[in-house]
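K.L.:
My questions all concern the structure below.
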Amino acid sequence: MPSLLPDVVRVNCCKLLGIFVDCNLNFCQQVDQVVKVCSQSYYLLQQMRKQGLDVGCLQVVLQSIVISKVLGLYALPAWCGYVSRENISRIDKMLQKARRYGFTSTLHCFEELLEQADDKLFSVQYVQSIVCITYYSQIDRCFL
């Protein structure tokens, strides 16, 4: 399809706020990136274990590098609904490797991480609503 604007190049995928968005909204490149970065992080964790890092510290590093950063938990609710079962399975397999390699005793899964991200998102929304209602109630009392 030709470009609607002469000097603008049409792309199939772009990175927005750390998330790869493609023209079909199936987020395959996002999943590819997650799998790639997980593999690189696991290599790093193996090297850290060889240097003598204990299991507790490995769990902290896994949580901070793989779980939080790689899966982009801040944006997970925005793109997870568009991911195919095949890609969810790929992510789950990468998360299972962390337990198999001994980096964690907890078996993480994509659905669990999504639920945590949703809970975090909606709890913040709920608290902000309460604060706003309380604030505006106090303002109404001042002007009555």
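K.L.:
Mind listing just one residue for me: the one in segment 10-34 that is among the aliphatic types (A, V, I, L, M) and surrounded by 15 or more Cβ atoms within 10 Å (Cβ to Cβ) and, of those, farthest from the chain's Cα centre (by Cα)? Please lay out each step first, then the result.
P.N.:
In the first step, residues of segment 10-34 are kept if they are among the aliphatic types (A, V, I, L, M); the result is 11, 16-17, 19, 21, 25, 31, 34.
Adding the requirement that they be surrounded by 15 or more Cβ atoms within 10 Å (Cβ to Cβ) leaves 19, 21, 31, 34.
Details: Ile19: 9, Val21: 14, Val31: 10, Val34: 9 Å.
Checking each candidate, the answer is Val21.
K.L.:
Something else: Being modelled with pLDDT of 90 or more, over 19 Å from Leu17 (Cα atoms) and within 20 Å of the chain's Cα centre (by Cα) is true for just one of Ser123, Ser41. Which residue is that?
P.N.:
Numbers: Ser123 fails: modelled with pLDDT of 90 or more.
Criteria check complete, one pass: Ser41.
K.L.:
Going residue by residue through segment 47-58, is there one that turns out to be of a type in the set (Gly, Ala, Ser), at pLDDT 90 or above, loosely packed, with under 13 Cβ neighbours inside 10 Å and out of contact with any strand residue (DSSP E or B) (no Cβ under 7 Å at 6 or more places or on another chain)? I'd like the intermediate steps shown before the answer.
P.N.:
Of all residues in segment 47-58, those of a type in the set (Gly, Ala, Ser) come to 52, 56.
Next, only the ones that are at pLDDT 90 or above stay: 52.
Subsequent filtering for residues that are loosely packed, with under 13 Cβ neighbours inside 10 Å retains 52.
When the remaining residues are screened for being out of contact with any strand residue (DSSP E or B) (no Cβ under 7 Å at 6 or more places or on another chain), the result is 52.
Yes, segment 47-58 has at least one match.
K.L.:
In segment 35-46, how many are in contact with a helix residue (DSSP H, G or I) (Cβ under 8 Å, 6 or more places away or on another chain), of a type outside the set (A, V, I, L, M, F, W, C) and surrounded by fewer than 15 Cβ atoms within 10 Å (Cβ to Cβ)?
P.N.:
Residues of segment 35-46 in contact with a helix residue (DSSP H, G or I) (Cβ under 8 Å, 6 or more places away or on another chain): 35, 37-39, 41-42, 44-45.
Right, trim to of a type outside the set (A, V, I, L, M, F, W, C) and you get 39, 41-42.
Applying the additional criterion that residues be surrounded by fewer than 15 Cβ atoms within 10 Å (Cβ to Cβ) yields 39.
So the answer is 1.
K.L.:
With the structure loaded, tell me whether Phe103 is in contact with an Asp or Glu (Cβ under 9 Å, 6 or more places away or on another chain), among the aromatic types (Phe, Trp, Tyr) and surrounded by 13 or more Cβ atoms within 10 Å (Cβ to Cβ) or whether it fails that test. So that I can check it myself, show each step before the final result.
P.N.:
Numbers: in contact with an Asp or Glu (Cβ under 9 Å, 6 or more places away or on another chain): no; among the aromatic types (Phe, Trp, Tyr): yes; surrounded by 13 or more Cβ atoms within 10 Å (Cβ to Cβ): yes.
For Phe103, the condition - in contact with an Asp or Glu (Cβ under 9 Å, 6 or more places away or on another chain), among the aromatic types (Phe, Trp, Tyr) and surrounded by 13 or more Cβ atoms within 10 Å (Cβ to Cβ) - is not met.
K.L.:
Mind checking which pairs have a first residue in segment 88-112 that is without any contact (Cβ under 8 Å) to a residue 40 or more places away in the chain and more than 18 Å from Gln30 (Cβ to Cβ) and a second that is among the aliphatic types (A, V, I, L, M) and loosely packed, with under 13 Cβ neighbours inside 10 Å, Cβ under 8 Å, 6 or more apart or different chains?
P.N.:
Going by the 8 Å Cβ cut-off, the qualifying pairs are Gln96/Leu107; Arg99/Leu107.
K.L.:
Can you confirm whether segment 47-57 contains a residue that is within 26 Å of Phe103 (Cα to Cα) and in contact with a Lys or Arg (Cβ under 7 Å, 6 or more places away or on another chain)? Working first, answer last.
P.N.:
Let us first name the residues in segment 47-57 that are within 26 Å of Phe103 (Cα to Cα), namely 47-57.
After this cut, where a residue has to be in contact with a Lys or Arg (Cβ under 7 Å, 6 or more places away or on another chain) as well, the list is none.
No, segment 47-57 contains no residue that is within 26 Å of Phe103 (Cα to Cα) and in contact with a Lys or Arg (Cβ under 7 Å, 6 or more places away or on another chain).
The values are calculated or read from the model by the stated rules, or taken from the named source; none is laboratory data. In this text the structure is predicted, and so the values were computed from the model without any measurement. Don't worry about glycine lacking a Cβ; one is built from the backbone with ideal geometry, like all the others, and counts go over all protein chains shown.
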